[in-house]
Amino acid sequence: MSSTPVSPPVPPRDDIGLMAGYHSAQVDVDVRLNTNESPEPPPAAFLDAVAAAVSTVDWHRYPDRAATALRTRIGSLHGVGPDQVFVANGSNEVLQTLSLAYAGPGRSVAVFEPTYALHAHIARITGSSVAEGERTGDFALDLDEVRRVLAEAHPALTYLCSPNNPTGMLETPDTVAEVLGLAPGLLVVDEAYGQFAPWSALELVDEATPLVVTRTFSKTWSMAAARLGYLVGPSWVVAQLDKVVLPYHLDSLKQVAGLAALDHVGAMEERVSRLVEERGRVEAALRDLPCEVWPSAANFILFRPTTVAGAEVWQRLVERSVLVRDCSSWPRLDGCLRVTIGTRDEDDRFLASLREVLT
Ligand SMILES: *Cc1c(COP(=O)(O)O)cnc(C)c1O
C-alpha cells in the first residue's frame, strides 16, 4: 500500500484527512500470535461442504438479500427469531451499520478505554463524536466514570467489550445490567470472544431492552478469512440496520459458508475448550516470568514485561520468528504486549523465546 501524500490533490472530508487508519503489522514469521485468530482451521467436513456449494450457487443471481436461512439458523442457536438477527461482513460491518443508523453527525458514541480501537474509529468515520471514559488503573470498568460520561455525553451508542480486547477482562452480569440501566441509547456488547467466557450478555437480550450483542465467525469459528459477523438484539433495531446496509451486502457463498459452519457447533465448542485450557497453561507460564499478567476470559493474554521494555521484547521476539501484538506505545498500555493463544507447539515457541529474552 502506498503512503498518503501530506496534501492529497483532492482533499477528503476534513475529519478523515486528519485520521490515521487502523493497522496491524503483517510480518512474515513462523509463529503468528498477533491478531487473535484461531490456530486451527475449521473441520474438513466444513471445507467439503463449502467446496460443494461453489458449484450450486446461482452465480448469475444476486444473493438472498435478507440472508433468511442464515439468520434463522443463527437465531435458533441463540433461541431468537430471524428478525432479531442481523448478519454482515464481519462484526466490524455490524458495528459500522449500527453507527450509520444510530450515531453520525450531531450524535455521540461512548467507549471506555482501553478497549477495542475500532469502536471509536468506526464512530469517527461515520461522523459521530466520541465520548472517551477511562477505566481504572487495573483496566476495570468504573461505574462512577460510566455514570459521569453517560450523563455528560448522552450517547446514542454505548460500547462495552466483554471479554475486552486488548485486556482480556470480562464484565460481570451485574455490571452489564447496571450499564444497561444507565445508557440513554443503545448498549452494544461486543462479544467477539464470547464463547471463551463463562457467561454471555445474550441472556439479557429482549424485545423490550435496548441492548444488542455482536459476535463474529473470525475467532471462535476459525473463519477469519470469511469476514462474517452478526448481531442479536430487538427486532426494532434489526429493522433499522436492514434499511441502512448496502443491498445484497452478504454474498451467496458466504451465506452458505455460514450455514455450513453451523453444522459443526460441537467442533467449535471443543476447539474453544481446548484453547481455554491452553490459555491457563500459558498464563501460568507467564506468571513465572518477570511479567505483569492480566486475567483473561478470551483467547489472548495481555502482559507487561518488567525487566526489558515491551517494544524491545516485541522486536527480539520477531527476531526469533514469533509475532505478538505490540501495544507498548498505545495510550494507557505503556510497555504491554498481547499474545494470542496458539497451538501447544506455537505457545511453547513463544514461551521459550520470551524466556530467552527476559532471563
Ligand atoms: C477481532 C474482533 C472483532 C472481529 O471483527 P470481525 O470484523 O468480525 O473480524 C470484533 N470485535 C473485537 C473486540 C475483536 O477483537
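None of the figures in this text is laboratory data; all of them are computed from the coordinates on show. Just so you know, these numbers come straight off a predicted model, no measurement behind them. As a convention, Cβ positions derive from the backbone with ideal geometry for all residues, glycine included, and neighbour counts pool all protein chains shown.
Would you say Val149 is of a type outside the set (Asp, Glu) and either within 16 Å of the ligand (Cβ to nearest atom) or within 23 Å of Gly21 (Cα to Cα) (or both)? Spelling it out, it is not the case that Val149 is of a type outside the set (Asp, Glu) and either within 16 Å of the ligand (Cβ to nearest atom) or within 23 Å of Gly21 (Cα to Cα) (or both).
Within the range 121-162, track down each residue that is surrounded by fewer than 23 Cβ atoms within 10 Å (Cβ to Cβ), of a type outside the set (Gly, Ala, Ser) and assigned to a loop (DSSP other than H, G, I, E, B). Those that are surrounded by fewer than 23 Cβ atoms within 10 Å (Cβ to Cβ), of a type outside the set (Gly, Ala, Ser) and assigned to a loop (DSSP other than H, G, I, E, B): Thr126, Arg135, Thr136, Asp138, Phe139, Leu141, Asp142, His154.
Considering each of Leu358, Leu289, Leu333 in turn, give the residue that is hydrophobic (A, V, I, L, M, F, W, C), surrounded by fewer than 16 Cβ atoms within 10 Å (Cβ to Cβ) and farther than 22 Å from Asp28 by Cα.
Leu358
Go through the residues of the range 206-214 one by one and say whether even a single one is out of contact with any Lys or Arg (no Cβ under 6 Å at 6 or more places or on another chain), in contact (Cβ under 8 Å) with a residue 12 or more places away in the chain and within 10 Å of the ligand (Cβ to nearest atom). So far as the range 206-214 goes, yes, one or more of its residues are out of contact with any Lys or Arg (no Cβ under 6 Å at 6 or more places or on another chain), in contact (Cβ under 8 Å) with a residue 12 or more places away in the chain and within 10 Å of the ligand (Cβ to nearest atom). Filtered by the rule that a residue be among the polar types (S, T, N, Q) and touching a Gly at 6+ places or on another chain (Cβ under 7 Å), the range 172-205 gives a lone residue, Ser200.
In the range 313-344, what residues are out of contact with any Cys (no Cβ under 7 Å at 6 or more places or on another chain) and free of Cβ contacts under 8 Å to residues at least 40 places away in the same chain? Within the range 313-344, Trp314, Gln315, Glu319, Arg320, Ser329, Asp334, Gly335 meet the criteria.
I'm checking my understanding of the structure. Among residues of the range 252-271 that are surrounded by fewer than 15 Cβ atoms within 10 Å (Cβ to Cβ) and over 21 Å from the mean Cα position of the chain (by Cα), which one is farthest from Ser91 (Cα to Cα)? Checked the range 252-271; the qualifying residue farthest from Ser91 (Cα to Cα) is Gly266.
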